[in-house]
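First the structure, in the form of structure tokens, and then the observations on it.
The values are calculated or read from the model by the stated rules, or taken from the named source; none is laboratory data. These figures come from a predicted structure and were not determined experimentally. Cβ sites come from the backbone with ideal geometry, for glycine too, and all protein chains shown count toward neighbours.
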Amino acid sequence: MTLNAIKPAEFPWFPYEGFTFCLGLTEGDHAWTSGHTSARQDEALGKMTVNGTMTEQAEIAYAKTLAILEAAGFSADDVTRVTENVTRAGMHAYEEQAAVRRRIYGDRPTVRTVAVERLVRRNAWLEVELHATKGGGKTLVATSSEPQAGTFRPSAITEGAHGVVYLPTVVPIDENGEVVFPGDFVAQYRYILEKAGEMLESVGLTLGHAVTTFDYSTPETRDVYRKTHWVRKELLGQNKNGVFPGAGGILMSELHAPGVMVAMDVTASRHELELVNPGWSRYDTLTYAPGIKAGRMLFMSGFASLDMESQQALHDGDLGKQAEVTFGAILHLLESEGLTAADLLETTEYCVESYVGDYKAVAEVRERLLCAPWPASTGALCHSLLRPEFGLEVFPTALYPEDHPRITGATEA
């Protein structure tokens, strides 16, 4: 089977053809949507607009994403994971959008809550992205009625497409709602990984099954971020092949609650992890891998405008050229596995807020380098990135076709 773009016969919010992303993708019994806000085409103004309360925005965003799934024969009962990007301006009204989500999906899916600086549509407070599997995948741990240590809000743990296991966003908050280790970033980071490990152990896995760890921290952590290397070295990569997960680090001015210095989204897989590295020696001593094959899924670390040999940041101040290098590296890794841009399943782009005026340059690069059916894509703005010269970081995921040699075992890729 191949990836197919979802193209609803009716989509009243905006004309969706002509973008460098699709509304969503399907492959067999699985579907992935792009991130969607409440943006609608205003014919009178001739542009996309966003307005309304958090409840009103949530109603539209969830209606759009559900309409996309329904156009491909999926329903609300099939959703396995909800990712909600909530802005600093919108976090005060978080429970309003959560009420809309629960009304539509109940407490069955895994919920990930990413606190973002803002969204590309300035007035948008919420962006929603869905993963779905016919039958709803497997509920490994049901949502608790009581607060759970390490979570922002109680959430299920689910298994979706191709053995992928989703954890909710992990935060340094205990079962009483108190932030742990105030002011100690490294201690909060360790707490988060240990809690993620406990969650995975509750479903028969370990941190050695983690395929990605994407963390979000506050700007003041940049100077001490390198100290997390030793925590990761101790807790991660404990699997048959010694493969560390992919990783990315994004800086946001504020996170889920005062005192929270870091939050993390952890994804795991039931499949054996295999390192994918096209020959970049810089990863030999790092505690994250450029790519991880797990079954038919290819998970990747975040990519930015980096010279892989000298490790120098490239094109400071030029977002278009940075995008060229970033997507070039992603394509290079795909090509090393016998894949192409057509096998890209998802891209999540974090653009530094000060660069947003140049963000259209990224779309121009995507149009040149990517291709149909176009990946399901989500974009959000961040305060900054771990390397201050970077204006863009991209988290990509790809899917091996069923007849790919790496899947059939016919030959080496």
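Out of 17, 59, 84, I need the residue that is among the charged types (D, E, K, R), surrounded by fewer than 20 Cβ atoms within 10 Å (Cβ to Cβ) and at pLDDT 95 or above. Which one?
59
Considering only residues that are farther than 27 Å from residue 229 by Cα and out of contact with any helix residue (DSSP H, G or I) (no Cβ under 8 Å at 6 or more places or on another chain), which ones fall in region 289-317?
Scanning region 289-317 gives a single hit, 317.
Residue 409 is checked against (1) at positive phi; (2) touching a helix residue (DSSP H, G or I) at 6+ places or on another chain (Cβ under 6 Å) and fails just one. What number does that condition carry?
Result: residue 409 passes all but (2).
I'd like to check something: does region 177-197 contain any residue that is closer than 30 Å to residue 53 by Cα and not in a loop (DSSP other than H, G, I, E, B)?
Residues of region 177-197 that are closer than 30 Å to residue 53 by Cα, as a first pass: 177-179.
When the remaining residues are screened for being not in a loop (DSSP other than H, G, I, E, B), the result is 179.
Yes: region 177-197 contains one or more residues that are closer than 30 Å to residue 53 by Cα and not in a loop (DSSP other than H, G, I, E, B).
Is there a residue in region 312-320 that is closer than 26 Å to residue 283 by Cα, buried (at least 22 other Cβ atoms within 10 Å of the Cβ) and in contact (Cβ under 8 Å) with a residue 60 or more places away in the chain?
Yes, there is a match, as at least one residue in region 312-320 is closer than 26 Å to residue 283 by Cα, buried (at least 22 other Cβ atoms within 10 Å of the Cβ) and in contact (Cβ under 8 Å) with a residue 60 or more places away in the chain.
For region 70-79, does any single residue satisfy the condition of being farther than 17 Å from residue 379 by Cβ, buried (at least 23 other Cβ atoms within 10 Å of the Cβ), in contact with a Ser or Thr (Cβ under 8 Å, 6 or more places away or on another chain) and of a type outside the set (A, V, I, L, M, F, W, C)?
Yes, because at least one residue in region 70-79 is farther than 17 Å from residue 379 by Cβ, buried (at least 23 other Cβ atoms within 10 Å of the Cβ), in contact with a Ser or Thr (Cβ under 8 Å, 6 or more places away or on another chain) and of a type outside the set (A, V, I, L, M, F, W, C).
Within region 131-147, track down each residue that is modelled with pLDDT under 95 and of a type in the set (Lys, Arg).
Passing the criteria: none in range.
Could we say that residue 110 is closer than 20 Å to residue 264 by Cα, among the hydroxyl-bearing types (Ser, Thr, Tyr), in contact with a Lys or Arg (Cβ under 6 Å, 6 or more places away or on another chain) and surrounded by fewer than 24 Cβ atoms within 10 Å (Cβ to Cβ) here? Walk me through it before giving the result.
Numbers: closer than 20 Å to residue 264 by Cα: yes; among the hydroxyl-bearing types (Ser, Thr, Tyr): yes; in contact with a Lys or Arg (Cβ under 6 Å, 6 or more places away or on another chain): yes; surrounded by fewer than 24 Cβ atoms within 10 Å (Cβ to Cβ): no.
Against the criterion (closer than 20 Å to residue 264 by Cα, among the hydroxyl-bearing types (Ser, Thr, Tyr), in contact with a Lys or Arg (Cβ under 6 Å, 6 or more places away or on another chain) and surrounded by fewer than 24 Cβ atoms within 10 Å (Cβ to Cβ)), residue 110 does not qualify.
Within region 384-408, track down each residue that is closer than 30 Å to residue 311 by Cβ and surrounded by fewer than 18 Cβ atoms within 10 Å (Cβ to Cβ).
387, 388, 389, listed by residue number.
Output the residue which, of all residues in region 282-308 that are over 30 Å from residue 403 (Cα atoms) and in contact (Cβ under 8 Å) with a residue 24 or more places away in the chain, is surrounded by the most Cβ atoms within 10 Å (Cβ to Cβ). Can you show your working first?
Of all residues in region 282-308, those over 30 Å from residue 403 (Cα atoms) come to 282, 284-287, 304-308.
Remaining after also requiring in contact (Cβ under 8 Å) with a residue 24 or more places away in the chain: 282, 286-287, 304-306, 308.
On the way: 282: 14, 286: 15, 287: 19, 304: 23, 305: 26, 306: 21, 308: 17.
Selected residue: 305.
Restricting attention to region 199-210, which residues are surrounded by 14 or more Cβ atoms within 10 Å (Cβ to Cβ) and not in a loop (DSSP other than H, G, I, E, B)?
Listed by number, the residues that qualify are 199, 200, 207, 208, 209, 210.
Six or more apart or on different chains, Cβ atoms under 7 Å: show the pairs whose first residue is in region 220-241 and of a type in the set (D, E, K, R) and whose second is assigned to a helix (DSSP H, G or I) and at pLDDT 95 or above.
Within 7 Å, the pairs are 227/186.
In region 13-63, which residues are without any contact (Cβ under 8 Å) to a residue 12 or more places away in the chain and either assigned to a loop (DSSP other than H, G, I, E, B) or farther than 30 Å from residue 92 by Cα (or both)?
Listed by number, the residues that qualify are 16, 17, 18, 43, 44, 45, 46.
Okay, residues lined up against (1) in contact with a helix residue (DSSP H, G or I) (Cβ under 8 Å, 6 or more places away or on another chain); (2) of a type outside the set (Lys, Arg); (3) outside any loop (DSSP other than H, G, I, E, B); (4) more than 24 Å from residue 392 (Cα to Cα):
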{"position": "212", "(1), (2), (3), (4)": "no, yes, yes, no"}
{"position": "222", "(1), (2), (3), (4)": "no, no, yes, no"}
{"position": "229", "(1), (2), (3), (4)": "no, yes, yes, no"}
{"position": "237", "(1), (2), (3), (4)": "yes, yes, no, yes"}
{"position": "244", "(1), (2), (3), (4)": "yes, yes, no, no"}
{"position": "287", "(1), (2), (3), (4)": "yes, yes, no, no"}
